[in-house]
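The values are calculated or read from the model by the stated rules, or taken from the named source; none is laboratory data. Everything numeric in this text was worked out from a predicted model, so none of it was measured. Every residue, glycine among them, receives a Cβ derived from its backbone with ideal geometry; neighbour counts consider all protein chains shown.
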């Protein structure tokens, strides 16, 4: 079995970043530690990638991968704002971008690592949708520094940035609760992705904290797009015990949900309240304007750029950064109707 940098770090009792510094001849590692790690590498037959050993060979080019079959591309209203700020910040830091497409998803096996090595990128930004390709995780586990947006990366030179799901759930449920809502439903993304799973888990935990009911039929799995929000709301409204409020974990789903409610002759928010998440531009122009959770997309893009630069320069170890969101109250939420139930 091939020995990895992770194996060397474990055997030496040091971090993977420390092993990397030794490989790249950084001088801020003690001689005793350096000697021990080198002896272990020689004993185990570990040979570092030449592309990572030549630390001075920089191209000042960063790759951008849009991972997954759906959701992540240049038309997505959230990711395009994150990418724009990333491009602006990384450009100011002296780097150019190269985009890697996945238009042949599932038709041919993508190999992002090989493509990144071919273009000799210094690092890579990975923006994730659903059904992420296995080759993305091969890139993550490689010596190439990577920063993910809304995707969990665990590689030795990887970090990731996302909005704080616990804070999102807390702000949503508190707002509904203070407006008298006790029957709160949820329309989420496709289970299995970091964003969908973390938001669902945080939402359930927050309902439990407030002592609010959690009925299985009040949870609907969508895909972050309008149609799934529309279908989810229709299913919720078909229930005998209908909720008075709905949290859709993406604005596009919230917009679809409000459309379904209107077609049923219901008025938002008098008959049912809706909160979205993202604060995309259309959220303020739909009728009624959408109450939503604003993700700090500018901060996420800027943070991703600075973290990637620090990873490239071996200034930091792998980390996770959760960006604080903000509740934006507009007109799609109001007081719950008082009933005897």
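The table for this structure:
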quantity: Options 254, 283, 245, 305; residue that is more than 24 Å from residue 221 (Cα to Cα), touching a residue at least 40 places away in the same chain (Cβ under 8 Å) and surrounded by 15 or more Cβ atoms within 10 Å (Cβ to Cβ); calculated: 305
quantity: Filter result for residue 165 (under 19 Å from the mean Cα position of the chain (by Cα) and surrounded by fewer than 19 Cβ atoms within 10 Å (Cβ to Cβ)); calculated: no
quantity: Residue match in segment 230-240 (condition: modelled with pLDDT of 95 or more, out of contact with any strand residue (DSSP E or B) (no Cβ under 7 Å at 6 or more places or on another chain) and closer than 24 Å to residue 128 by Cβ); calculated: yes
quantity: Any hit, segment 212-227, residues being out of contact with any strand residue (DSSP E or B) (no Cβ under 7 Å at 6 or more places or on another chain), buried (at least 16 other Cβ atoms within 10 Å of the Cβ) and at pLDDT 95 or above; calculated: yes
quantity: Complete set of residues in segment 49-62 that are at pLDDT below 65 and assigned to a loop (DSSP other than H, G, I, E, B); calculated: 49, 54, 55, 56, 57
quantity: From the options 148, 94, residue that is on the phi > 0 side of the Ramachandran plot and modelled with pLDDT of 90 or more; calculated: 94
quantity: Residue within segment 269-276 that is in a helix (DSSP H, G or I), touching a helix residue (DSSP H, G or I) at 6+ places or on another chain (Cβ under 9 Å), surrounded by fewer than 19 Cβ atoms within 10 Å (Cβ to Cβ) and on the phi < 0 side of the Ramachandran plot present; calculated: no
quantity: Candidates 153, 125, 200 - the one that is in a strand (DSSP E or B) and closer than 24 Å to residue 299 by Cα; calculated: 125
quantity: Unique match (being touching a strand residue (DSSP E or B) at 6+ places or on another chain (Cβ under 9 Å) and modelled with pLDDT under 95) among 161, 136; calculated: 136
quantity: Residue check for residue 239: assigned by TED's automatic domain parsing to the domain that holds residue 82 and either farther than 19 Å from residue 186 by Cα or not in a helix (DSSP H, G or I) (or both); calculated: no
quantity: Residue list for segment 191-205, restricted to those being out of contact with any strand residue (DSSP E or B) (no Cβ under 9 Å at 6 or more places or on another chain) and under 18 Å from residue 250 (Cα atoms); calculated: 201, 202
quantity: Considering residues of segment 24-45 that are under 22 Å from residue 312 (Cβ atoms) and assigned to a loop (DSSP other than H, G, I, E, B) only, the residue modelled with the lowest pLDDT; calculated: 25
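Residues are listed down the side, and each one gets a yes or a no for (1) in contact with a strand residue (DSSP E or B) (Cβ under 6 Å, 6 or more places away or on another chain); (2) closer than 30 Å to residue 275 by Cβ; (3) modelled with pLDDT under 90:
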| residue | (1), (2), (3) |
| --- | --- |
| 113 | no, no, yes |
| 132 | yes, yes, yes |
| 153 | yes, yes, no |
| 165 | no, yes, no |
